[in-house]
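Colleague: Take this structure, written in structure tokens, and hold onto it; I'll ask about it next.
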Amino acid sequence: MFKSRKSGILLHPSSIPSSFGIGDFGRDAYRFVDVLAQAKQTLWQILPLCPVDGSGSPYQSTSAFAGEPLLISVDLLVDEGLLSQNEVEAEKFVKPQGTDYSEARKLKMPLLRKAFEKFSEKEYSKEYKDFLEENKAWLEDYTLFMALKAFFIEKRKEDDRELMEFLRETEGLLSEEAVQRYFYSACWCSFPKDIRERKPDAVEMWREGLQQNIQWECFLQYLFHIQWHALKSYANEKEIQIIGDAPIFVSYDSADVWANQKAFQLNALGFPTVVAGVPPDYFSETGQLWGNPLYQWKYHEKTGYQWWISRIHKALEDVDILRIDHFRGFESYWEIPFDAEDAREGQWVKGPGKKLFRRLEKALGELPLIAEDLGIITEEVHRLREKIGFPGMRVLHFAFGADKNHPYLPHSYDKNTVVYTGTHDNNTTLGWYENAGEEEKDHFRRYMNVTGEAPNWDMIRLAFSSPAQLAIIPMQDVLGLKEEYRMNQPGTTEGNWSFAFDWEMWNDGCIEGLKYLSRLFGRNYG
């Protein structure tokens, strides 16, 4: 699928330097594109751009189609005349430390509200109207969903009389603690019955009654769309492609599930009967209980996989190449009972296999997809990926130890591969090396014929020299950062998604090192 050898950097926009608690699509993002081009890198991989959950994770989102509003640059809104320079300057951090979603929300949302008020004073532009029309299929459901959640969250702070009815409805199904969590967070399962079940009259009534909040959500998505596509175009002009990320599953409390309840395995009250996760593995002895509702694959097949076609089509409008997270779930997925305490109670169940991807290809043409095929991978998963032709992934952190022909060692794989030193779920390479056992370290040093004094650059060199057509390096490894700068620790809920670099960490040596290795191993040249 990928005809030439390329390399690039893994860095989510939230990790770009910023004075507002979170990186965004502003001037520092353009600067990052410039340094990528200077370093002769042609790939920029990001995490999902969708709205994050309360912990900052983009893998449990309120929508698989929408964008995270905090990534909107308020500095760029000054150029658009929607904010004044004084308004923006008054809210900036003096010296931010890492990504702080909570602080960013406090700083940015009032500014975005001011911009919305100014935007609403004028007649809507053709560009805005076109955006609403072109994205109507998902935008209408998403904006109503978000407006409903905001309405009920505020209402229930003052009036929780509906809580008793919700407790009666869910008696024997949920603990009282879970019921209260769903209720006060205004999960869609706690909406009044008519709108929870999307009765047409109720949808129309609520849409009319919440019109102002709906317009606010539309405005945020419009700004996100305009700013992101301008940044993407700038990167593409410099011959840099964007690699996006699409989680296989969606969050239960999302517009996707609320608007498409037949597409998921839910009971009569709208709760999942089974949920997603993975069995015990390298990351966790008890497995990972993700909690996402599982798809009703027979329904998707019956509808010609239309929801999936819409989802992948939208994703490929936003990025050039798409990594499909947890690809093995399309062959078989780990099904866990809704009331299970952890993932050990699950079982493997067959997924849609190649039928889904053949349908996607028929509707969308050749698919520039990367299959994230890490974890417990069977021969059936390998055969599925090979039949479809997607490149798989190899992570060098997992390659070293007793097995001298480990499948992640470069001499063991072919060129239809994307190699990483580590992913967002891994430690940094310096952190990995410090924590590795002596057998792993010895194997690593012997394999590379190095002393281990600069394991991050040794690992980058190994990735660039490998047969893999694409090589992706987390920004932390280029900068030589230790364990405290890792992005995510799977199986944990606190202290993640906060990595942000500072331009003081970047230097000409980073540019020259990447440029030298790219030229030496035939990446991004010719």
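The values are calculated or read from the model by the stated rules, or taken from the named source; none is laboratory data. All figures in this text were calculated on a predicted structure; none of them were measured in a lab. Using ideal geometry, Cβ is built from the backbone for each residue, glycine included, and neighbour counts are taken over all protein chains shown. Heads up: the accessible areas ignore ligands, DNA and RNA and are worked out on the full protein's heavy atoms, side chains in. Shrake-Rupley method; radii C 1.70, N 1.55, O 1.52, S 1.80 Å.
Colleague: How many of the residues in region 171-185 are open to solvent by 70 Å² or more (accessible area, probe 1.4 Å) and either under 19 Å from ALA268 (Cβ atoms) or in a loop (DSSP other than H, G, I, E, B) (or both)?
Modeller: Residues that pass the stated criteria total 2.
Colleague: Something else about it: Test ASP160 against the criterion of being in contact with an Asp or Glu (Cβ under 9 Å, 6 or more places away or on another chain), open to solvent by 40 Å² or more (accessible area, probe 1.4 Å), farther than 26 Å from ALA340 by Cα and among the charged types (D, E, K, R), and give yes or no.
Modeller: The answer is no for ASP160.
Colleague: Quick one: would you say PHE464 is touching a helix residue (DSSP H, G or I) at 6+ places or on another chain (Cβ under 6 Å), modelled with pLDDT of 95 or more, open to solvent by less than 30 Å² (accessible area, probe 1.4 Å) and in a loop (DSSP other than H, G, I, E, B)?
Modeller: It is false that PHE464 is touching a helix residue (DSSP H, G or I) at 6+ places or on another chain (Cβ under 6 Å), modelled with pLDDT of 95 or more, open to solvent by less than 30 Å² (accessible area, probe 1.4 Å) and in a loop (DSSP other than H, G, I, E, B).
Colleague: Here is a list: TYR485, TYR413. Which entry is closer than 27 Å to THR378 by Cα, in contact (Cβ under 8 Å) with a residue 24 or more places away in the chain and out of contact with any Cys (no Cβ under 6 Å at 6 or more places or on another chain)?
Modeller: TYR413
Colleague: Please go through region 19-42 and give me each residue that is at positive phi and open to solvent by 10 Å² or more (accessible area, probe 1.4 Å), ordered by number.
Modeller: LYS40, the sole residue that qualifies.
Colleague: Check ASN496, ASN449, ASN524, ASN456 and return the single one that is under 28 Å from ASP53 (Cα atoms), of a type outside the set (D, E, K, R) and either at pLDDT 95 or above or surrounded by 14 or more Cβ atoms within 10 Å (Cβ to Cβ) (or both).
Modeller: Sole residue among the options that is under 28 Å from ASP53 (Cα atoms), of a type outside the set (D, E, K, R) and either at pLDDT 95 or above or surrounded by 14 or more Cβ atoms within 10 Å (Cβ to Cβ) (or both): ASN496.
Colleague: A follow-up question, please. State which residue pairs qualify: first residue over 24 Å from SER57 (Cα atoms) and inside region 69-81, second residue part of a loop (DSSP other than H, G, I, E, B) in any location, beta carbons under 6 Å apart, and separation of 6 or more residues or different chains.
Modeller: If the second residue must be part of a loop (DSSP other than H, G, I, E, B), the pairs left are ASP75/GLY26; LEU76/GLY26; LEU77/LEU83.
Colleague: I'd like to check which strands (runs of 3 or more DSSP E) are fully inside region 288-394 and have at least 2 residues that are surrounded by 15 or more Cβ atoms within 10 Å (Cβ to Cβ) and either on the phi < 0 side of the Ramachandran plot or touching a Phe, Trp or Tyr at 6+ places or on another chain (Cβ under 8 Å) (or both). Write out each step before concluding.
Modeller: Numbers: elements: 288-293, 321-324, 332-337, 347-350, 369-371.
It comes to 288-293, 321-324, 332-337, 369-371.
Colleague: Something else about it: Mind checking which residues of region 16-31 are out of contact with any Pro (no Cβ under 8 Å at 6 or more places or on another chain) and closer than 14 Å to TRP228 by Cβ?
Modeller: ILE16, GLY26, TYR30
Colleague: Taking into account only those residues within region 497-526 that are assigned to a helix (DSSP H, G or I) and small (Gly, Ala, Ser), which is nearest to SER102 (Cα to Cα)?
Modeller: Taking region 497-526 and keeping what is assigned to a helix (DSSP H, G or I), we get 503-505, 508-520.
In the following step, the residues that additionally are small (Gly, Ala, Ser) were identified as 509, 513, 518.
Numbers: GLY509: 34, GLY513: 36, SER518: 39 Å.
Among residues in region 497-526 that are assigned to a helix (DSSP H, G or I) and small (Gly, Ala, Ser), the one nearest to SER102 (Cα to Cα) is GLY509.
Colleague: With respect to THR428, is the statement that it is in contact (Cβ under 8 Å) with a residue 12 or more places away in the chain, touching a Leu at 6+ places or on another chain (Cβ under 7 Å), among the polar types (S, T, N, Q) and more than 19 Å from ARG523 (Cα to Cα) true?
Modeller: In short, yes.
Colleague: So which residues in region 59-70 are in a loop (DSSP other than H, G, I, E, B) and at pLDDT 95 or above?
Modeller: Passing the criteria: SER61, THR62, SER63, ALA64, PHE65, ALA66, GLY67, GLU68.
Colleague: What number of residues within region 97-127 are closer than 22 Å to MET487 by Cα and either open to solvent by 40 Å² or more (accessible area, probe 1.4 Å) or in a helix (DSSP H, G or I) (or both)?
Modeller: 7
Colleague: Still on this structure, I have one more. What number of residues within region 137-158 are farther than 13 Å from GLU217 by Cα and either among the charged types (D, E, K, R) or at pLDDT below 95 (or both)?
Modeller: 5
Colleague: If we keep just the residues of region 467-496 that are in contact with a helix residue (DSSP H, G or I) (Cβ under 7 Å, 6 or more places away or on another chain) and in a loop (DSSP other than H, G, I, E, B), which is nearest to GLY389 (Cα to Cα)?
Modeller: PRO467
Colleague: Also, quick follow-up: Do the conditions hold for LYS149, that is, is it in a helix (DSSP H, G or I), of a type outside the set (Val, Ile, Thr) and open to solvent by 60 Å² or more (accessible area, probe 1.4 Å)?
Modeller: It is false that LYS149 is in a helix (DSSP H, G or I), of a type outside the set (Val, Ile, Thr) and open to solvent by 60 Å² or more (accessible area, probe 1.4 Å).
Colleague: Moving on. Of all residues in region 1-18 being closer than 24 Å to ARG105 by Cα and over 18 Å from the mean Cα position of the chain (by Cα), which is surrounded by the fewest Cβ atoms within 10 Å (Cβ to Cβ)? Steps first, please.
Modeller: First, pick out the residues of region 1-18 that are closer than 24 Å to ARG105 by Cα: 11-18.
Then drop every residue that is not over 18 Å from the mean Cα position of the chain (by Cα), which leaves 17-18.
Working: PRO17: 19, SER18: 27.
Step by step, filter region 1-18, then rank; the result is PRO17.
Colleague: To continue, here is another question. Among the candidates LYS515, LYS441, LYS415, single out the residue that is more than 23 Å from ARG5 (Cα to Cα) and open to solvent by 10 Å² or more (accessible area, probe 1.4 Å).
Modeller: LYS441
Colleague: Of all the residues that make up region 43-57, how many are touching a residue at least 24 places away in the same chain (Cβ under 8 Å) and either within 9 Å of the chain's Cα centre (by Cα) or open to solvent by less than 20 Å² (accessible area, probe 1.4 Å) (or both)?
Modeller: 10
Colleague: Considering only residues that are free of Cβ contacts under 8 Å to residues at least 24 places away in the same chain and closer than 18 Å to LEU517 by Cβ, which ones fall in region 438-458?
Modeller: MET448, ASN449, VAL450, GLU453, ASP458
Colleague: Restricting to region 128-139, give me the number of residues that are touching a helix residue (DSSP H, G or I) at 6+ places or on another chain (Cβ under 8 Å) and either in a helix (DSSP H, G or I) or open to solvent by 30 Å² or more (accessible area, probe 1.4 Å) (or both).
Modeller: Total meeting the criteria: 6.
Colleague: Quick check, is THR492 among the β-branched types (Val, Ile, Thr) and more than 27 Å from the chain's Cα centre (by Cα)? Before you say what the answer is, go through the steps one by one.
Modeller: Values: among the β-branched types (Val, Ile, Thr): yes; more than 27 Å from the chain's Cα centre (by Cα): no.
Criteria not met by THR492.
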